[in-house]
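Participant: Here you go, one structure.
Laboratory data are not the source of any read-out in this text; all were calculated from the coordinates shown. Since the model is a prediction, treat every value here as computed from it, not as a measurement. Ideal geometry is used to build each Cβ from the backbone, glycine not excepted, and the neighbour counts take in all protein chains shown.
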Amino acid sequence: MAGKLALTLLLSVSTFLCAGALAAEEKKDRDTLVRDDLSEMRDSDLWIYNDVEKAFELARKTSRPLLIVFR
Amino acid sequence: MQVARPQDLKLKRLLKKFVCVRVVQGNSLNLELFQFDYDLTFAAFFMNADRTIYGRYGTRSSQEKPERDISMQGFVSAIEGALELHASFPENRRSLADKQGGKPRYPAPERYPTLKRYTPLLNYGGKVAQSCLHCHMINAAEIELLRSKKAPLPDKILYPWPLPGALGLQLSPAERALVVNVVPSSAAHEAGFRHGDRILSLEGQPILSTADIQWVLHNAPSPAKLTAVVKRAEKTTRLKLRLDADWRKSTDISWRGSTWPLRRMGFGGMRLKDVWDGDRKKRGLEGLALWVRHVGQYGVHRAAKDAGFRKGDIVIEFDGIRERLTESELLVHIFRKRKAGDLIPVKILRGNKRMSLRLPVR
């Protein structure tokens, strides 16, 4: 339950999901889900995927604060 | 199609003011910088580029009902607070210094003996899910290490990240550190907290979320004296909290992933749950009555099975204890009072039959 809410919390800020697509996602094996997640996040213009040092460097250059989400 | 709610749009606008990064692995996690409740499934840090921590977000108190602990509205409120701290930086740097923890035992999780099979990078070309070191494994690895050294488990390990409830405070998940209930006769009540107080700081640290309060509590000694500043009717009030030696004791650890190694070592792989009041009445049970919900079947998880325990048994006496305790409290008793190799006398009910068994502690 907590996991689903947390996922919603994160995904709702980066993309709008089709409920049907989410149900299909749940049927995929875990390896496929992780790889799909990587592909999706790579296309995000808001989120840096799994690279904290890159984020610190960008924050330094732009004087913006960082939001680092562990999920 | 999921419909975007107004707070989602507000969140999206706010996030554009940040550099946002998502971390999906515990592998190679910087344990000195990122100290948070590793049993969470969602946790967030607000930081400056110089690595100063503005605050944390993410709280959990049980396996069910996450809405009791976190909400989109509460997250938005914490983000707004982080932006205020960023605007006041670096003048506020000193008040933020203690948000950073001390030097950890290891710089990265895979340095723990039980986690050495993990590599710093995920194996995206192969079995990527299996290559992922989950954050809850970090707590478990620390417990395993201390136990293997026959070292006592400190309260900070047994009762990590205490909730404000340990003080007698209930906070709104939808607001920034807003008190919605104060338990009578609790430490918070004695300190003078009131319904409607907004906690601005604790031990001098600005508070953005329940997680920020938990950070202070996680690092507080037993007993402890803590100073809080609250906003009440447009005025700020300073309150002094006095916590006794057992203040962490009411913390429920049963939902935590990292409690599983404790169950394996202390309960021989059993999972226990307090028999609910209606069933107690029906069976004539008073005092200790813990239902055996699960018995491990394999390898190191089957010690209770080998000792004769079965799913459905009810533990009515444990190591001489007959008063009503939760699973968490009983686990803590074992790790405070017993050592590996001890045999614990246990009395159970199986149906209507009373039986005596002996449970080995690992």
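Participant: Suppose we keep only residues that are in contact with a helix residue (DSSP H, G or I) (Cβ under 8 Å, 6 or more places away or on another chain) and farther than 30 Å from B:Arg147 by Cβ within segment B:227-267. Which one would you say is surrounded by the most Cβ atoms within 10 Å (Cβ to Cβ)?
Facilitator: B:Ala228
Participant: Restrict the check to segment B:255-267 and report whether at least one residue is without any contact (Cβ under 8 Å) to a residue 40 or more places away in the chain and not in a loop (DSSP other than H, G, I, E, B).
Facilitator: no
Participant: Residue by residue through segment B:65-123, note down the ones that are β-branched (Val, Ile, Thr) and surrounded by 14 or more Cβ atoms within 10 Å (Cβ to Cβ).
Facilitator: Residues of segment B:65-123 β-branched (Val, Ile, Thr): B:70, B:76, B:79, B:114, B:119.
Answer for segment B:65-123, where residues must be β-branched (Val, Ile, Thr) and surrounded by 14 or more Cβ atoms within 10 Å (Cβ to Cβ): B:Ile70, B:Val76, B:Ile79, B:Thr114.
Participant: Yes or no: segment B:184-202 includes at least one residue that is within 14 Å of chain A (Cβ to nearest Cβ) and in contact (Cβ under 8 Å) with a residue 24 or more places away in the chain. Explain how you work it out, then say what you get.
Facilitator: Going through segment B:184-202, the residues within 14 Å of chain A (Cβ to nearest Cβ) turn out to be none.
For segment B:184-202, residues within 14 Å of chain A (Cβ to nearest Cβ) and in contact (Cβ under 8 Å) with a residue 24 or more places away in the chain: absent.
Participant: Collect the residues in segment B:101-137 that are in a loop (DSSP other than H, G, I, E, B), in contact with a Lys or Arg (Cβ under 8 Å, 6 or more places away or on another chain) and not aromatic (Phe, Trp, Tyr), keeping them in residue-number order.
Facilitator: Correct list: B:Val128, B:Ala129.
Participant: Looking at segment B:240-269, which of its residues are under 18 Å from B:Leu40 (Cα atoms) and of a type outside the set (Ser, Thr, Tyr)?
Facilitator: Filtering segment B:240-269 down to residues under 18 Å from B:Leu40 (Cα atoms) leaves B:251-262.
Scanning segment B:240-269 gives B:Asp252, B:Ile253, B:Trp255, B:Arg256, B:Gly257, B:Trp260, B:Pro261, B:Leu262.
Participant: Cβ-Cβ distance below 7 Å, separation of 6 or more or different chains: which pairs start in segment A:30-48 with a residue that is in contact (Cβ under 8 Å) with a residue 12 or more places away in the chain and end on one that is crowded, with 16+ Cβ neighbours inside 10 Å and in a helix (DSSP H, G or I)?
Facilitator: Sorted first by the residue in segment A:30-48, then by its partner, the pairs are A:Ser44/A:Ser14; A:Leu46/A:Ser14; A:Leu46/B:Leu15; A:Trp47/A:Ser14; A:Trp47/A:Met41.
Participant: Shifting gears a bit: Filter segment B:47-56 for residues that are at the interface with chain A (Cβ under 9 Å from one of its Cβ atoms) and surrounded by 23 or more Cβ atoms within 10 Å (Cβ to Cβ); which is nearest to B:Ile207 (Cα to Cα)?
Facilitator: B:Tyr54
Participant: Here is a follow-up. Would you check which residues across segment B:307-341 are surrounded by fewer than 13 Cβ atoms within 10 Å (Cβ to Cβ) and of a type in the set (Asp, Glu) and list them?
Facilitator: B:Glu323
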